[in-house]
Amino acid sequence: MSSRVKELTVFCEQGDSAKIKTWSNVPYFLTTTLEGQGVKVNRVNLHPKSSFFHQLLYKCWNVFAKGVFHQSSYRRSALYYRISDWKIQKAVRKFANSDAFLFTSFSFSTKPFAEKPMVQFCDWTLEYDTTVFHGISPASLSADEQKLMERQRRCIEESDLVVSLFPGVASHMTKVYRNPEICYIGNVVNSLVEPDRSEAIRQKEAGKAILFVGKKHYCQGAEQLLVAFRRLQEKMPDAELHIIGMTADQLRNVPDGVICHGYLDKGKREDCYIYYDLMSKCRLFINTTPKWGAFSASVEAMYHYMPVIVSPYSEFVNTFGECIEFGRYHQEQDGADGLCRQMVELLADDDFDSLAEAAHQAVAEMTWSHFTNRILNRIDKIVERNGK
């Protein structure tokens, strides 16, 4: 695509956008895809660990201010935002030729320092996390968190374009904020490897390997899966379960046939090989953690022709519908017995290749090139409107 945007400065609060391990691979794929489309990308790392001095301050604050005096964490402090704003102002001067500025966060803005278009791209706000995920009133938050919520409001209202990765979040935000430029333009698959359909299905049909991906905050889903897997072994002794993101020490009563790989860093050759070997051979992806079931890992598994069993959490349903042809929704009340039944159904399905194809097709258009084309098209319109 031909774009007016030739240079973008991308501010990443989550860390170094050149590293694939940063924030579920999102900043890496965003910036490298933009570069592949001919856009010059200036990377700015806003994470406290981006410099020795800032990292030292970060650690000292969390030891003394948070640990001793029970104040909020450093990344909720006014000092953190002052230093971050100073970094932003410095970058705006350094990269003055940028056509626009883009943040992978809703907590920052270039508007106090530059008139050029400013874009925010993230998943959800603190307000959404508080009211929707946790179902509590913002009034119950600490003073620092309420200040952050207000800061996000100000930054969102003055942004030229606000993009959420999820349709339900974007819809919610349009009701909370006045900015008319809040939108959802699709989600993305964060895969370094392009799957081969025939080889992927051949490998999957050859075994009964199950894949779970999730760190320790997905422990509830992992523990239920372990119980269901023990019951599955009575019916299918050759089944195996691979867990990425947690070690056996983090789980209880891990049975034989379960291999815990811990965290696999796609930026390391050996870890990357193991990760995509599992994507190639595992026949079924499962994460039934309520409210949120590792969306990014789920869609990557689907891209690699893997049917899924997930809980019907809102953003998965908003994205793929209430009835899915590429797996099953697991209702929490059905417990481990119900999950075992669903596993047996999918592992024994004679029409597996149709399930696998449906999984891939459901996410086939969620490529980073499609996503960045959409976002560049919207920035183009802003630049044109502003008369660059």
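The values are calculated or read from the model by the stated rules, or taken from the named source; none is laboratory data. Treat the numbers as computed from the prediction; the structure is a model and nothing was measured. Please note: Cβ atoms are built from the backbone with ideal geometry, for glycine as well, and neighbour counts cover all protein chains shown. Accessible surface areas use protein heavy atoms only, side chains included; no ligands, DNA or RNA. Shrake-Rupley method; radii C 1.70, N 1.55, O 1.52, S 1.80 Å.
The table below lists the values:
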| quantity | calculated |
| --- | --- |
| Any hit, segment 144-155, residues being among the basic types (K, R), surrounded by fewer than 19 Cβ atoms within 10 Å (Cβ to Cβ), assigned to a loop (DSSP other than H, G, I, E, B) and more than 20 Å from the chain's Cα centre (by Cα) | no |
| Residue pairs meeting the criteria (Cβ under 6 Å; at least 6 apart or on separate chains; first in contact (Cβ under 8 Å) with a residue 40 or more places away in the chain, in segment 121-136; second of a type in the set (A, V, I, L, M) and open to solvent by less than 20 Å² (accessible area, probe 1.4 Å)) | F121/V163; D123/L165; W124/V169; Y128/V169 |
| Failed item, numbered, when N318 is tested on (1) farther than 23 Å from S191 by Cβ; (2) open to solvent by 20 Å² or more (accessible area, probe 1.4 Å) | (1) |
| Members of segment 230-244 that are of a type outside the set (A, V, I, L, M), surrounded by 15 or more Cβ atoms within 10 Å (Cβ to Cβ) and touching a residue at least 40 places away in the same chain (Cβ under 8 Å) | R231, H242 |
| Count - residues of segment 2-27 that are outside any loop (DSSP other than H, G, I, E, B), open to solvent by less than 10 Å² (accessible area, probe 1.4 Å) and more than 28 Å from R269 (Cβ to Cβ) | 3 |
| Some residue of segment 188-207 being β-branched (V, I, T) and farther than 30 Å from I243 by Cβ | no |
| Residue count, segment 124-143 (criterion: open to solvent by less than 30 Å² (accessible area, probe 1.4 Å) and modelled with pLDDT of 95 or more) | 5 |
| Sole residue being surrounded by fewer than 20 Cβ atoms within 10 Å (Cβ to Cβ), more than 27 Å from W368 (Cβ to Cβ) and in contact (Cβ under 8 Å) with a residue 60 or more places away in the chain, chosen from R76, R82, R93 | R76 |
| Some residue of segment 274-293 being without any contact (Cβ under 8 Å) to a residue 24 or more places away in the chain and farther than 16 Å from R197 by Cα | yes |
| Residue pairs meeting the criteria (Cβ under 9 Å; at least 6 apart or on separate chains; first in contact (Cβ under 8 Å) with a residue 40 or more places away in the chain, in segment 324-353; second outside any helix (DSSP H, G or I) and among the hydroxyl-bearing types (S, T, Y)) | H330/T288; H330/S311; E332/T288; E332/S311; L339/T288; D353/Y305 |
| Yes/no for L30 being under 23 Å from E300 (Cβ atoms), open to solvent by less than 10 Å² (accessible area, probe 1.4 Å) and modelled with pLDDT of 95 or more | yes |
| The one condition in (1) under 30 Å from T104 (Cα atoms); (2) open to solvent by 10 Å² or more (accessible area, probe 1.4 Å); (3) modelled with pLDDT of 95 or more that K388 fails to fulfil | (3) |
| Lone qualifier among C272, C340, C323 - being at pLDDT 95 or above, open to solvent by 20 Å² or more (accessible area, probe 1.4 Å) and part of a helix (DSSP H, G or I) | C272 |
